[in-house]
Each structure stands twice: as structure tokens, then as C-alpha cells.
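The values are calculated or read from the model by the stated rules, or taken from the named source; none is laboratory data. Because the structure is a prediction, the values reported are computed rather than measured. So basically every Cβ, Gly included, is an ideal-geometry build from the backbone, and we count neighbours across all protein chains shown. Accessible surface is based on the protein model in full, side chains and every heavy atom, while ligands, DNA and RNA are left aside. Shrake-Rupley method; radii C 1.70, N 1.55, O 1.52, S 1.80 Å.
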Amino acid sequence: MTQYVYGKNVVKQLLQDGKPIHEVLIQEGIRDTALEGEIKKRRIPVKVLGRKKMDQLLNGNHQGIAACIDDYKTWELEELLESVPQGKQPLLVMLDGLEDPHNLGAILRTCDCIRADGVIIGKHRNVRLTPTVAKVSTGAIDTVKVSVVTNLVQAIKYLKKQGYWVVGTDFENSRDYREGQYDVPLVLVIGSEGFGISSLVKKNCDYCVRLPMEGSVSSLNASVAAGILLYQIHAQRHPL
């Protein structure tokens, strides 16, 4: 199976990483000499389309360029754990009910920045790896391993047997995020944009952390919250 991903930065990253590209679509009138030269050097077939046709084919701000690639690879949970470098303190992110592809893309980008070892998403009621996710991630969709599991609770139980601590994010019955213990094999659970983590997932977490909310707004965007927490984990593991 193949799909189209789009946006100049996404296509540039694919070319830079040497990823297989079956075809490139370019909108009439769009010129980028350097990008076109790299495409020509790779001998990738190019199709020039009008703006209306590009808009019909691609659902999003394509910036006049798209690439046809194989579907994004996902990993079995066991493969994800085996891929953690020996001697490294593992860090995984689990997403419970996340539906916005922009949030998933931004979380993948942050995971790449701090070298998290992978992201776990549920097979149902979760956003999948899409062209929008790829565009927002600016290439991190290719560098951060993603595992799709049938049941998040069963995945948590399996991870605990492998020695992982599971930390949820919830405002009630939780501790300040600065009080968390993060120097252990860790799974950070981020909930959905509107409802947070589900009750069953929360029940199986070892504990939950919260971010202070001292203004009139009662919650943060999921990817913003994930970014703050991931850098707190990174700061605790790598103190100055």
C-alpha cells in the first residue's frame, strides 16, 4: 500500500534520508530549483498537476508538492522493546484516545528531539499515521518507532512485567509533575484532547502526574502537555 505525503519540508526530509519515493507531484507554477534538482538526480518520476487537481487529491496545505511513498511502518510492541539501545534508560509514550493528527505529529517531533524510544497507540479510537501527521512531525514519523496495539490495558500489563513504570496524566489523585520519579524504564501516558486518559488505563498506571493550572484555563493542548512532561523527564535524567 502507498500514500501521498506533502509539504516542502516533508519531501526534503524524505530525499535527505534516501527514502524510496515512487512519484512526486508538483503543482503548476511552483518552482524550487534545489528540490527539483535533487528529485531529478534521484530519477524519481514527476507529474505536474494544476492547483485544483492537487487540492482534490491532497487533503491539507500541500505547498504545491507531494510524494508517493509506501505506508509508514509500524512495529510490534516486542520489537519496540528489543530496539531500545543496550544501557539506555527506556522511555515510551502511550497515547490513549488521541484523535488530532496535528497533536500526534507534534508529539512525534518532541519524541525525536529527546530521543524517546517509541510511541504506542491503540488500534481503535486513536489517530493513525497519516500525511498530516507526517507533515507536522517534519520527518520524525520516520525516526520515532510507532507500535499499534489492540488493547492499551493489556499492553500496560505486559510492559509492567518487562520492568516498566507507567505514569499517567490526570488532574485528580495525582502528584505535581516535578515530583515524579523518571529515572526508571518509563511509559508516559497522554490522554485524549477532550477526556484525558480512560478510567481503565488510569487504574492500571502506577501513579499520575499533573501540570499546575493557575489561570482560568483548566487544561493544555495534548501535544503541549506532552512536550512539557517529556522535557521534565529529560531534565531529570540529564541534569546540568
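When the Gaussian network model of the chain links Cα atoms closer than 10 Å, the mean-square fluctuations of ILE228, ILE30, ILE190 top out at ILE30. Solvent exposure of the chain amounts to 54 Å² per residue of accessible area, where only protein heavy atoms count and the probe is 1.4 Å.
Amide H contacts of GLY168 (H built 1.01 Å from N, in plane; Pro and chain starts excluded): VAL189, ASP206, TYR207, CYS208, VAL209 sit under 5 Å, all sequence-distant by 5 or more or on other chains. Backbone phi angles across the range 79-91, fed through the Karplus curve with coefficients 6.51, -1.76 and 1.60 (θ = phi - 60°), yield HN-Hα couplings of 5, 4, 5, 5, 7, 5, x, 4, x, 8, 6, x, 9 Hz in residue order; Gly and Pro are listed as x. Here Cα Rg over 2.2 N^0.38 Å was calculated from the structure, and among (1) 1.06; (2) 1.19; (3) 1.11 it sits at label (3). Apolar share of the accessible surface for the range 75-235: 47 percent from carbon plus sulfur atoms, 1.4 Å probe. Among the listed pairs LYS12/LYS53; LYS8/LYS145; LYS53/LYS123, those with a Cα-Cα distance over 26 Å are LYS53/LYS123. Extending 7 Å from the Cα toward the beta-carbon at both GLN236 and GLU79 defines two label points whose distance is 3.1 nm. Here's how it looks for LEU25: its modeled amide H is under 5 Å from those of LYS47, ALA66, ALA67, CYS68, which are all 5 or more places away or on a different chain. When only alpha carbons are used to place a centre, the range 1-73 and the range 96-170 end up 26 Å from one another.
Farthest towards the positive end of the charge dipole of the chain, among the residues LEU220, TYR231, LEU35, is the Cα of LEU35, using unit charges on the Cβ of Lys, Arg, Asp and Glu. For the range 161-227, chymotrypsin sites (Phe, Trp or Tyr not before Pro) are listed when DSSP marks them as loop and at most 15 other Cβ atoms sit within 10 Å of their Cβ; the list is PHE171, PHE195. For the chain, a simple Cβ point-charge model (Lys and Arg +1, Asp and Glu -1, everything else neutral) yields a dipole of about 560 debye relative to the Cα centre. Under the criterion of Cα pairs below 8 Å and six or more residues apart, the relative contact order for the range 75-235 equals 27 percent. Build a GNM of the chain with springs between Cα atoms under 10 Å apart, and of ASP96, ASP71, ASP142 the one that fluctuates most is ASP71. Site pair GLN181 and GLN162 shows an inter-label distance of 2.1 nm when each label is modelled 7 Å from Cα along Cα→Cβ. Taking the chain as a Gaussian network of alpha-carbon nodes connected by springs under 10 Å, the highest mean-square fluctuation of the residues ALA155, ALA67, ALA34 belongs to ALA34.
Computed extension gain for GLU99 through LYS8, at 0.36 nm per residue and net of the alpha carbon distance, reaches 30.3 nm.
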